[in-house]
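Below is one structure; the comments refer to it alone.
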Amino acid sequence: QPQKLVIYELTEFALYSIDKELRLASNVEIIPILGTVLDQAKLERIIEQYAVQTVYHAAAYKHVPLVECNPIAGLKNNAIGTAFSLNAAVKNGVETFVLISTDKAVRPTNVMGASKRMAELYCQAMAEAQDQTQISIVRFGNVLGSSGSVVPLFKQQIAKGGPITVTHPDVTRFFMTIPEASQLVIQAGALGHGG
């Protein structure tokens, strides 16, 4: 039962959309803020101004081919943006910080996965270096209807008569819904201990 929900988002339309949706769904005070995770000073001001207790850090470039074409942008946003977000949270005494990572950070084979693995390693190092902010990491992939979901691509491929592309014929894909993913993230923040 939060008193306030601060939404910090880079893209104006995404911020507008989630702000509108949340205002219809709850009567919690919503504070929409346009900003980038690469602006640590602004993050610090916002966290301090609103006395933020919990940060759910989801800012990431997720599309593997786009990050492969734009590796510096991917590394900056995913790895450095996470470091700046966590630095701002720790500096301002945030109680809980949850990094939303990806299954592609497991033995990464592309820049996107490697950038998220770097973000995880930074979080793990910070968890050991301080003890005021509880830092948790959640990994998952294939969230139905989320930004970066593979399902729209599958739908396009089916509409064209196939085939559907998978990484390998023996791959089994598992999916979760947005509510399931959201619960996982919230539970990680609540259940995490000692980084």
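The values are calculated or read from the model by the stated rules, or taken from the named source; none is laboratory data. Since the model is a prediction, treat every value here as computed from it, not as a measurement. Glycine also receives a Cβ, built like all others from the backbone with ideal geometry; neighbour counts cover every protein chain displayed.
Every residue in the stretch 92-115 that is in contact with a strand residue (DSSP E or B) (Cβ under 8 Å, 6 or more places away or on another chain), more than 12 Å from Lys62 (Cβ to Cβ) and of a type in the set (Val, Ile, Thr), please. Once the filter is applied, which keeps residues that are in contact with a strand residue (DSSP E or B) (Cβ under 8 Å, 6 or more places away or on another chain), more than 12 Å from Lys62 (Cβ to Cβ) and of a type in the set (Val, Ile, Thr), the stretch 92-115 yields Val94, Thr96, Val98, Val106.
Looking across the stretch 115-147, the residues that are of a type in the set (Gly, Ala, Ser) and either touching a Lys or Arg at 6+ places or on another chain (Cβ under 9 Å) or in a loop (DSSP other than H, G, I, E, B) (or both) come down to Ser115, Gly141, Gly145, Ser146, Ser147. Specify which of the listed residues (Val94, Val67) is among the β-branched types (Val, Ile, Thr) and more than 18 Å from Ile135 (Cα to Cα). The match here is Val67.
For Ala25, indicate whether it is touching a Leu at 6+ places or on another chain (Cβ under 8 Å) and of a type outside the set (Lys, Arg).
Details: touching a Leu at 6+ places or on another chain (Cβ under 8 Å): no; of a type outside the set (Lys, Arg): yes.
The answer is no for Ala25.
Of all the criteria given as (1) in contact (Cβ under 8 Å) with a residue 40 or more places away in the chain; (2) more than 24 Å from Gly81 (Cα to Cα), the one not satisfied by Gln132 is (2). Close contacts from the stretch 55-68, counting a first residue that is under 19 Å from Ile18 (Cα atoms) and touching a residue at least 40 places away in the same chain (Cβ under 8 Å) and a second that is buried (at least 18 other Cβ atoms within 10 Å of the Cβ) and acidic (Asp, Glu), with Cβ to Cβ under 9 Å and a gap of 6+ residues or different chains, come to Ala59/Glu9.
Results for (1) more than 14 Å from the chain's Cα centre (by Cα); (2) more than 21 Å from Ile186 (Cβ to Cβ), shown as yes or no for each residue.
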site	(1), (2)
Ile18	yes, no
Ala51	yes, no
Thr54	no, no
Val64	yes, yes
Asn78	no, yes
Phe97	no, no
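Per-residue answers, yes or no, for (1) under 21 Å from Glu9 (Cα atoms); (2) surrounded by 17 or more Cβ atoms within 10 Å (Cβ to Cβ):
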position: Ile100; (1), (2): yes, yes
position: Met118; (1), (2): no, yes
position: Gln130; (1), (2): no, no
position: Gly145; (1), (2): yes, no
position: Leu153; (1), (2): no, no
position: Lys160; (1), (2): no, no
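If you go through the stretch 156-195 and keep only what is under 27 Å from Val138 (Cβ atoms), modelled with pLDDT of 80 or more and small (Gly, Ala, Ser), you end up with Ala181, Ser182, Ala188, Gly189, Ala190. Might you check whether a residue that is surrounded by fewer than 16 Cβ atoms within 10 Å (Cβ to Cβ), under 23 Å from Val143 (Cα atoms) and modelled with pLDDT of 95 or more occurs anywhere in the stretch 57-80? For the stretch 57-80, residues surrounded by fewer than 16 Cβ atoms within 10 Å (Cβ to Cβ), under 23 Å from Val143 (Cα atoms) and modelled with pLDDT of 95 or more: present.
Residues in the stretch 116-150 that are farther than 17 Å from Ala59 by Cβ and touching a His at 6+ places or on another chain (Cβ under 8 Å): 1 in all. Scan the stretch 40-53 for residues that are closer than 28 Å to Ala73 by Cα and surrounded by fewer than 16 Cβ atoms within 10 Å (Cβ to Cβ) and the total you get is 3.
Quick one: would you say Ala89 is in contact with a strand residue (DSSP E or B) (Cβ under 7 Å, 6 or more places away or on another chain) and assigned to a helix (DSSP H, G or I)? Even if it seems obvious, please write down each step before you answer.
Details: in contact with a strand residue (DSSP E or B) (Cβ under 7 Å, 6 or more places away or on another chain): yes; assigned to a helix (DSSP H, G or I): yes.
When the stated conditions are applied, Ala89 passes them.
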